[in-house]
Amino acid sequence: MRLGGLRYLIKQGWRNMGANRLMTFAGVGVLTACFLITGIAALLSMNVGRVVDHLASLNEIIITVKMDVDDAEAEGYGVQLRALPNVQDAEFISKAAAFDEVKDLLSDYGEGLMDGIDHIFPAKYNVTVQDINYIDETDAQIRALDWVERTYVSNDITSIMLTIRNAVTYGGWGLVIVLAVVSVIVISNTIRLTVFARRREISIMKYVGATNTFIRLPFFVEGMTVGIIAGVLATGIICGVYYLVYEYIRSMYNVWIMSLMDSLIPLGEIWYLVAVGTILLGMLLGGVGTAFSVRKHLKV
Amino acid sequence: MAKKPIIADSSVMISLTKVKKVYPGGHTALDNVNLEIRRGEFVFVLGHSGAGKSTFLKLILREEVATSGRVVVGGRDLSRIRQRDIPYLRRGLGVVFQDFRLIPSMTAFENVAFAMRVTNIAEREIKKRVPYVLNLVGLAGKARNYPAELSGGEQQRVALARALVHSPPIIIADEPTGNIDPELSVEIMELLKAINMVGTTVVVVTHEHDLAQRFSERIITIDHGAVVADDQTKGGGAF
């Protein structure tokens, strides 16, 4: 196809949008809403994932070593621990260090209370895991070791976060699929109305020898442009809202929230992903929606 | 460069051999139709409503496919033509309809240019060719008028200019005078006659017996899906 012809067809597509302003507006509006929900679900899922990973990195299994095992022997068992699957690191705390830890905790009182007492606390290991999902299995493997007295796992918050992450991830993807189908239907209907309004023109085109590609192209331009406009609008709104929410959370002087701030994703790291993802999705869905609606009217 | 029409300038431009067309509902529109239209002929296909004229046109334009028999246009067997070649077949056939089929939002110039644009012809060529064709049909001064600003006869002349713009070897006119006054009908027929004089094959499908009598050299009469008369001089069958 010559360049002039392509330019003409693109202009025709845009002209159609102007001629069907109300439908174009409705299509852009509904698609923008779909993309907003999709984008927010995706960002929520990404952030919850990062928070859960952050909490997982803080989560430990504390192991106390049997009292009859001396420090040198206990330290040697570190090799056994680190060899276990899912164990990221194992930090050894000797009986003396454990004693000093408690003494420090008691501060001034410790001086008097603990004078003359020696090594009444067992040696410990603080174990961090690679994947928080398998912390219970790792704990069971550690408890099975004969030199281990007992283990402590504080996984209540983590398991709640894991449940939230899974719900957000699966729910988010479900939402994306449903909204993608809705978007295709919306674009398809917008184009179908345009095609219907122009069915006479299409039949004339067929009689004067236009190819199907020539007839389809303006509708593709229209569908894709609607998708791109919705994508750009959704990107602007998502990024704006995300920035405001991020700044609001940052301004909250709450210790717990402040500890999570590091794991939230700043806008600078994701705005281009949102933009490219939404605009490409808009183009793709615009194209697919158009393909569904034009076929029927080409049979002349 | 736009792809050329695929019909050849053969001695027999349209040929139907033992053609039968039965629609999915079971209605037989044409039955055992045999006819030949030679290059440069001016032919009227005459018949009343429901006689099979429209089906005859649809088969030639490859809008429909014959149930049996052979339809050949410009040397191309239409039962064997590939779907993607149909547009190139139609570029060799200039079609004029009873209801003009002009696009109301386009000027006379744009309506004619449209037929060139859809076949991917360069803008420079369009700007040269369209005024020439509009001049041929006597509408040089109306190029910027919209269809609503033109009379029925003028609209039909725009449609004729659109049909002529590719210089097709065959012009098919479906009831071209059906929506215009009798005196303007004569003008349109005279234009078609003039087009025929330069060697273009013209097929006029109509139910207007008097018009056919006045202008035709050959009248093919269709009734109940069959060719009932083929008068090579003048007159045709009564119906």
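Values quoted throughout were computed directly from the atomic coordinates according to the rules given, and no laboratory measurement underlies them. Worth saying up front: this structure is predicted, and the values here are computed from it rather than measured. All Cβ positions, even for glycine, are placed from backbone atoms using ideal geometry, and neighbour counts span all protein chains on display.
Observations on the model:
- A:D53 paired with B:K128, simple spin-label distance in nm, labels 7 Å along Cα-to-beta-carbon: 6.5
- Compared with the dominant Cα axis of chain B, that is its longest principal axis, helix B:108-117 is turned about 70°.
- Inter-label distance for A:I62 and A:D89, nm, one decimal - labels placed 7 Å from Cα along Cα-to-Cβ: 1.8
- FRET efficiency for A:I10 and B:T28, using Cβ-Cβ distance with R0 set to 51 Å, rounded to 0.05: 0.65
- Enclosing the Cα atoms of region A:200-284 in their convex hull gives a volume equal to 89 cubic angstrom per residue.
- Residue order for A:L31, A:L105, B:L102, fewest other beta carbons within 10 angstrom first, comes to A:L105, B:L102, A:L31.
- Inverting the pair-averaged 1/r between distinct Cα atoms of chain A gives 24.3 Å as its Kirkwood hydrodynamic radius.
- Cα-projected label distance for A:R82 with B:K58, points at 7 Å along beta-carbon direction, nm: 8.4
- Helices that extend 15 Å or more along their long axis by alpha-carbon positions and average at least 1.0 on the Kyte-Doolittle scale are, among the DSSP H runs of chain A, A:21-58, A:156-197, A:212-251, A:267-294.
- Quick note on chain B: its Rg to Rh ratio, both from C-alpha atoms and Rh being the Kirkwood radius, is 0.96.
- Counting Cα-Cα pairs of the protein assembly as shown in 10 Å increments starting at 0 gives whole-percent bin shares of 3, 14, 17, 14, 10, 8, 7, 7, 6, 5, 4, 2, 1, 0.
- Other residues within the sphere of radius under 11 Å centred on the Cβ of B:V43, judged by their own Cβ, net out at -3 (K and R +1, D and E -1).
- Summary value for chain A: 30 percent relative contact order, contacts being C-alpha pairs under 8 angstrom separated by 6+ residues.
- Each principal axis of the Cα cloud of region B:1-110 was taken in turn, and the coordinate range along them, longest first, works out to 42, 30, 29 Å.
- Rounded to 5, the percent of DSSP beta bridges in chain B classed as antiparallel: 50
- Across region B:1-110, Cα pairs under 8 Å and at least six residues apart give a relative contact order of 33 percent.
- Rounded FRET efficiency, nearest 0.05, which uses the C-beta distance separating B:S68 from B:E183 and R0 of 35 Å: 0.20
- Taking trypsin sites (Lys or Arg not before Pro) as exposed when their DSSP state is a loop state and no more than 13 other Cβ atoms lie within 10 Å, the longest site-free interval of chain B runs over B:145-239.
- In percent, rounded to a whole number, the relative contact order of region A:60-153 is 49, using alpha-carbon pairs under 8 Å and six or more apart.
- Pairs beyond 21 Å (Cα-Cα), from B:K58/B:K127; A:K66/A:K95; A:K206/B:K128; A:K206/B:K18; B:K20/B:K53: B:K58/B:K127; A:K206/B:K128; A:K206/B:K18
- When the convex hull of its Cα atoms is viewed from all sides, region A:60-153 shows a mean projected area of 6.1 nm².
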